Each structure stands twice: as C-alpha cells, then as structure tokens.
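The values are calculated or read from the model by the stated rules, or taken from the named source; none is laboratory data. Given the structure is predicted, the values throughout are model-derived calculations rather than measurements. Glycine gets a Cβ as well: all are built from the backbone with ideal geometry, and neighbour counts include every protein chain shown. The accessibility values were calculated without ligands, DNA or RNA, using every heavy atom of the protein model including side chains. Shrake-Rupley method; radii C 1.70, N 1.55, O 1.52, S 1.80 Å.
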Amino acid sequence: MSNKTNQQWGGRFSEPTDAFVARFTASVEFDQRMYLQDIQGSIAHAKMLASAGVLTGQERDDIIRGLGEIRVEIERGEFEWSVELEDVHMNIEAALTKKIGITGKKLHTGRSRNDQVATDIRLYVRDEIDRILAEISRLQQGLLGVAEREADTIMPGFTHLQTAQPVTFGHHLMAWFEMLSRDYERFVDCRKRVNVMPLGAAALAGTTYPIDRAMTCELLNFSAPAGNSLDAVSDRDFAIEFCAAASLLLMHMTRMSEELVLWTSAQFDFIDLPDRFCTGSSIMPQKKNPDVPELVRGKSGRVYGHLMSLLTLMKSQPLAYNKDNQEDKEPLFDAIDTVKGCLRAFADMVPALAAKADSMRAAAMRGFSTATDLADYLVRKGVAFRDAHEIVGKSVAFGIAEKRDLSEMTLAELQQFSDVIGEDVFEVLTLEGSVAARNHIGGTAPDQVRAAVVRGRELLAGRGDAE
Ligand code: ARG
C-alpha cells in the first residue's frame with residue numbers, strides 16, 4: 001500500500017494516515033499565505049548551517065536557488081499545493097527536494113516544524129503590523145486635514161447623546177486622532193514581543209548541531225533569539241496581544257462608525273459621505289446608506305471573537321508545542337485581514353467627509369448648549385455656582401416655553417432671572433464666544449484645534465512609516 005500520506009514520518013508507521021484525518025489535520029489551505037516567511041526563514045537557516053559547517057557552500061547555494069524558484073512558482077500561481085503534505089512547511093520542503101534532490105532533505109537539519117512555524121508566524125505578523133501602522137498613520141493624516149479645515153466649524157458636543165456644550169468639529173475629529181495614536185502605540189509595543197526569534201529551539205529542547213542563533217537572528221532582523229526553547233515553540237502570547245490591540249482599534253472604529261452613521265441621518269444631517277462609500281436601496285429610491293461605517297461597526301465582532309478564540313486556545317496548554325497551536329492561524333489571519341480592510345476603507349473615506357456647517361450650527365443653537373457659559377458668567381459676577389445653576393435652569397425653562405435659545409432672548413427677559421446680568425452677557429451666549437473661551441491645551445477653541453493639528457503633524461513626521 002502506498003504510504004504517500006505520511007511520507008515525512010512513514011518509517012515508524014505501518015499504515016497510511018486515514019484520508020479524512022489527513023484533511024482534518026492539514027493546515028495548508030490557510031497557512032500557505034506564509035510561504036514567503038517560510039522561504040525567508042529557510043534561507044537564513046541554510047546560510048547559518050553552512051557557516052557552521054553542517055552544510056557545504058554548494059548545498060547552501062542549491063537550497064537558496066531552489067527556494068527562489070519555488071517562490072516564483074507560488075507567486076505565479078503555478079505551485080501545486082497538496083493536502084497530503086499537510087502544511088506550507090512540508091509542501092515547500094517536498095518541492096525543494098523534488099527540485100534539488102537529497103540536499104533538499106538536509107535543510108531540516110537542526111530544525112523542527114515547531115520552531116519553524118513559530119518563526120514564520122512571527123515574521124508574518126511583523127510584516128503585517130508594519131502595514132497596519134502605515135495605514136493607521138494614513139487615516140490619522142486624513143483626520144488632520146479635515147480637522148484643520150473644520151477647526152472653526154461649530155457643532156453641538158454631547159454627553160448622554162443630549163446636547164451639552166458647543167464644540168468645534170475639528171476638535172471632535174482630533175479626539176478620534178488621539179484614540180488612534182494609542183492604537184498605534186499598542187501595535188508598536190506588540191511588535192517588540194513579536195520580534196523575538198524561536199528558530200533554534202527545534203522541536204522543544206534545542207538541537208545538538210553547532211547552530212549560530214545570533215546569525216539567523218540578524219539575517220531575519222529579529223531583535224533577539226528566544227531565551228528558552230520550550231517557551232519559544234509554545235508561546236503564542238504575541239498573537240493574543242495582536243488581537244487585543246486589534247480589538248481596541250476596532251472598538252474605536254465602531255465608535256467613529258456609530259457617529260458617522262448618526263451624522264449622515266436626516267435627523268442629524270451633520271455630514272455627507274461621498275456616494276462611492278455608500279449604497280442605495282433597491283426599494284426605497286431616496287435611500288443612501290452609510291454602508292462602510294456600518295460594516296466596520298459589524299466587523300468588530302469577529303476580531304473580539306478571535307481574541308477569545310486565541311485565549312481559549314492557549315488556556316491550560318502544557319509545554320511545549322501541541323497540535324492545538326495550529327488553530328492559531330485562522331483567527332489571527334482573519335483579524336489581520338479585518339483590521340487592514342477597515343483601516344483602508346476609513347483612510348480612503350475620511351478625507352472625503354463633507355461637513356454641513358449650517359446644519360451643525362443650527363443643532364448647536366437648539367439645545368441650550370451655552371447654558372454652562374451663562375452659569376460661568378454669573379459666577380464671574382459674584383453669584384455662587386449653585387445659585388447660578390438655578391438661575392440658568394429657570395432661564396432655560398423659559399426658553400423651552402418660548403422656543404428660543406438663550407442668545408435669542410432680550411436683556412430684559414434674562415434680567416427677570418438675575419439682575420447681575422448685563423449687556424456683556426451676549427458675548428458668552430454666542431456659540432463662537434463659548435468655544436473660543438475654552439482656550440487651553442486640549443480645549444475646543446479653534447486656535448487649540450489648530451495647535452493640536454500641528455502637534456499631530458509632528459507626531460506623524462516622527463514615525464517614519466508615513467507615505
Ligand atoms: N502545521 C503545524 C502548525 O501550524 C506546523 C507544526 C507542526 N508540528 C508538529 N509537531 N506536528 O502548527
């Protein structure tokens with residue numbers, strides 16, 4: 001009987017792997033996306049083995065050439081992936097052996113798929129983190145542009161989704177910028193722990209060959225070799241951390257999405273999203289739906305789910321490698337794809353966001369948003385804050401009955417509630433006066449928004465990942 005289904009370890013076995021089990025345990029369908037990292041890792045390993053005298057220079061060169069050809073075949077879509085060969089590692093190794101003969105089989109000297117796969121995932125996640133960082137920066141760049149343009153645009157600020165105090169639209173967008181800066185830092189921090197090299201741990205205990213881990217480390221741009229072989233092959237903390245950082249980012253993006261959805265509604269009418277980011281309804285001709293933010297809001301669930309999957313995957317696992325670990329890839333890869341897709345859609349969409357300044361302004365006029373300013377005015381005239389609160393409360397009640405904002409009342413009307421009110425009250429009751437008065441670092445005044453934009457530009461310039 002052909003023992004084709006377990007050719008890598010056939011020696012010990014008396015029958016081939018059950019056909020369903022072979023498919024059930026295979027990972028090649030989803031781990032083939034790490035082909036590049038697998039090849040990079042193998043080339044570094046071969047170079048190190050040659051320099052340690054385990055492989056000859058000729059063998060090293062044959063391996064490097066063979067792997068280079070395999071890479072081209074994969075990228076041209078000509079490579080034949082085989083489920084019988086289980087995973088990306090054994091597919092590439094078998095193809096190499098077919099190409100260069102016995103030397104291909106020597107590549108696995110001093111290495112195991114356990115340190116190999118851990119190395120590949122780390123290389124893969126590191127590359128993707130770099131792309132994600134660049135995309136966060138691109139989104140932030142877009143926010144800076146809109147924030148600067150809308151530094152003077154006044155909208156109602158909310159607490160409890162009730163009109164609270166006027167703010168500038170630029171200030172609101174710069175709040176999003178802050179959230180994203182924290183996300184950026186979290187990915188940078190996660191990358192530090194991703195960037196540690198398992199290679200050399202072999203199956204679990206290290207290897208008897210005279211390997212040079214410092215050399216492979218340098219060739220692969222890792223910051224250091226992992227300090228313990230058992231930990232090196234079993235650790236997936238970095239994948240969990242990645243999903244945790246991704247979950248926070250997505251959570252932030254759901255908050256942005258929710259606001260965008262609200263703001264595009266006829267009831268708010270604060271912004272317009274370009275048609276290319278929206279879809280219509282097949283039955284209601286008037287509809288223009290904010291699909292992109294809605295979908296981003298929805299996609300958060302997957303990423304939170306993947307975080308839970310990975311935590312559960314690792315829970316109670318004894319040292320060292322267990323086959324369970326193969327289940328790390330699909331959640332991790334889907335989290336990566338989801339984050340990148342959401343960021344790309346947002347980074348493309350945000351610069352095209354059109355503020356409806358008149359509508360925002362009208363909304364800010366409706367909810368007595370300068371009531372706090374009137375209270376502060378009274379306090380400056382010597383009224384105790386609690387009394388001021390009471391006076392303004394009565395003024396607002398009057399305004400509700402009369403359907404007029406505080407700024408639309410006459411001086412005589414306002415003086416019914418307190419005789420310390422003078423003509424100068426109208427300076428604080430205007431929306432412009434209210435926002436301009438909050439003129440300190442972190443405040444909503446237009447000048448402060450412009451200063452925050454300048455700081456934001458400096459921050460992005462210092463990152464070195466912006467296009
Ligand atoms: N496909 C496996 C994974 O993703 C590679 C490592 C397999 N190691 C082993 N000892 N079976 O985890």
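Gln326 meets each of the listed conditions (1) within 16 Å of the ligand (Cβ to nearest atom); (2) in a helix (DSSP H, G or I); (3) open to solvent by 50 Å² or more (accessible area, probe 1.4 Å) apart from (3). For the range 168-175, indicate whether the set of residues that are open to solvent by 30 Å² or more (accessible area, probe 1.4 Å) and in contact with a helix residue (DSSP H, G or I) (Cβ under 9 Å, 6 or more places away or on another chain) is non-empty. The answer is yes, given that some residue of the range 168-175 is open to solvent by 30 Å² or more (accessible area, probe 1.4 Å) and in contact with a helix residue (DSSP H, G or I) (Cβ under 9 Å, 6 or more places away or on another chain).
Quickly run through the range 59-83 and pick out the residues that are of a type outside the set (Phe, Trp, Tyr), within 16 Å of the ligand (Cβ to nearest atom) and assigned to a loop (DSSP other than H, G, I, E, B).
Within the range 59-83, Ser82 is the sole residue that qualifies.
Within the range 339-363, the set of residues being closer than 20 Å to Leu295 by Cβ and open to solvent by less than 10 Å² (accessible area, probe 1.4 Å) comprises Val339, Cys342, Leu343, Phe346, Ala347, Met349, Val350, Leu353. May I ask you to list the residues in the range 366-395 that are open to solvent by less than 30 Å² (accessible area, probe 1.4 Å), among the hydrophobic types (A, V, I, L, M, F, W, C) and closer than 18 Å to Ser434 by Cα? Within the range 366-395, Ala371, Leu374, Ala375, Leu378, Ala388, Val392 qualify.
Among the residues of the range 23-49, which ones are part of a helix (DSSP H, G or I) and over 15 Å from Leu199 (Cβ atoms)?
Selection gives Arg23, Phe24, Thr25, Val28, Glu29, Phe30, Asp31, Gln32, Arg33, Tyr35, Leu36.
The single condition among (1) in a helix (DSSP H, G or I); (2) free of Cβ contacts under 8 Å to residues at least 12 places away in the same chain that Ala388 does not meet is (2). Taken over the range 405-423, the criterion of being over 24 Å from Ala164 (Cβ atoms) and either open to solvent by 50 Å² or more (accessible area, probe 1.4 Å) or of a type in the set (A, V, I, L, M) (or both) is satisfied by Thr410, Leu411, Ala412, Gln415, Gln416, Asp419, Val420, Glu423. I need a count of the residues in the range 84-120 that are within 16 Å of the ligand (Cβ to nearest atom) and either touching a helix residue (DSSP H, G or I) at 6+ places or on another chain (Cβ under 7 Å) or modelled with pLDDT under 95 (or both). Total meeting the criteria: 22.
Taking (1) touching a residue at least 24 places away in the same chain (Cβ under 8 Å); (2) closer than 30 Å to Gly200 by Cα in turn, Glu218 satisfies each apart from (1). Of the helices (runs of 4 or more DSSP H) lying entirely inside the range 152-238, those containing at least 2 residues that are charged (D, E, K, R) and under 30 Å from Gly110 (Cβ atoms) span 169-194, 213-219. Among the candidates Asp324, Asp272, the residue that is modelled with pLDDT of 95 or more and closer than 28 Å to Asn114 by Cα is uniquely Asp324. When the range 72-108 is filtered for residues that are closer than 22 Å to Gln326 by Cα, of a type in the set (Val, Ile, Thr) and open to solvent by 30 Å² or more (accessible area, probe 1.4 Å), only Val83 remains.
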